[in-house]
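Presented below is the structure to which this report refers.
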Amino acid sequence: MESKFKNVYFFNGTAYAGKSTMVKLLAQKYDGIACEENYHDVLLPELDKAEFPCLTYTRDLEDWHDFIRRTPEEYERWINGVTKECEILEFRILDDLIQKSPEKKIFVDTNICPETLHKISDEHHVMIMLADPQISVNRFFERPDKEKQFLYRLMLEEKDPEAALENFRHCLERINSKENYNAFLNCGFPVNLRDEKLGIQGTLELVEKAFNL
C-alpha cells in the first residue's frame, strides 16, 4: 500500500471483542503508537458546538439524567452522529502522528467506517473484531470503567430505577443489533470472532498474521 496510511493498522467492530487490548499489545511489541478507544477525546474541549453537535452533547450537558432518559431511537441517532464526527477528528490526529513519526507503526481502535477504510487502506491493515451482540447489552455495567459506573448510579437515582435500566438496555440493543453485527461481518475485511478458548496470545498471533507483521 502506497498511501500515507501504509504504517497504520485499524481495528473496528463491536464492543468487548478485544480491539483495545490488541492495540496496546501491538504498539508495545512493535515500538509503535497506540491510539486507544476514544483517543479523539483529547480534542473535545476545543470543538465547536455547531460543527460537532453530537460530540459536544456530553461536554455541555448540564443534567446527565437527560442522557439516560433518551429513547432508543434518540440514542441510536446520537451514536451514529458521534461516529461520523469522530471520523473527522481521527483523520486530524492521524495526519499529525504520521507527519511527526512517519516510520512508526500506528495501531488504532477506530470509529472510521468500513466504507471509508476501503478507500484509504487495504485488507492487510484492517481487522474487524466481533463479539456476540448480547455481550455488550448484558455485560455493559460489569466493567469498572468510571463512565459506565457513573451512568449506572444515575439510573439508580431515577424514580423507577428498573424502568431506567430497561430503557438503557434497549438503547444498547439498538446499537448492538444483529444487523449492525452482520454489516461488519460482511464488510470485506478480515474478521476475528471473540473466542475465549483462543485467549489473548492466540488472538494476537492471528492478528499479526493477517497484518503480515
The residue from Arg59, Arg77 that alone is closer than 28 Å to Arg194 by Cβ and not small (Gly, Ala, Ser) is Arg77
Flagged in the range 95-113 as closer than 25 Å to Leu204 by Cα and assigned to a helix (DSSP H, G or I), in numbering order, are Leu97, Ile98
Only one of Asn111, Asn38, Asn138 that is at positive phi, modelled with pLDDT under 95 and touching a helix residue (DSSP H, G or I) at 6+ places or on another chain (Cβ under 9 Å): Asn38
List the helices (runs of 4 or more DSSP H) inside the range 114-213, counting only whole elements, that have at least 1 residues being touching a residue at least 12 places away in the same chain (Cβ under 8 Å), closer than 23 Å to Gln28 by Cβ and open to solvent by less than 40 Å² (accessible area, probe 1.4 Å). 199-210
So in the range 30-79, with the set limited to residues that are of a type in the set (Lys, Arg) and over 21 Å from Arg153 (Cα atoms), which one is surrounded by the fewest Cβ atoms within 10 Å (Cβ to Cβ)? Lys49
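The values are calculated or read from the model by the stated rules, or taken from the named source; none is laboratory data. This structure is a prediction, so every number in the text was calculated from the model and none was measured. Heads up, the Cβs are rebuilt from the backbone with ideal geometry, glycines too, and the neighbour counts pull from every protein chain shown. Surface areas here come from the heavy atoms of the whole protein model, side chains and all, with no ligands, DNA or RNA. Shrake-Rupley method; radii C 1.70, N 1.55, O 1.52, S 1.80 Å.
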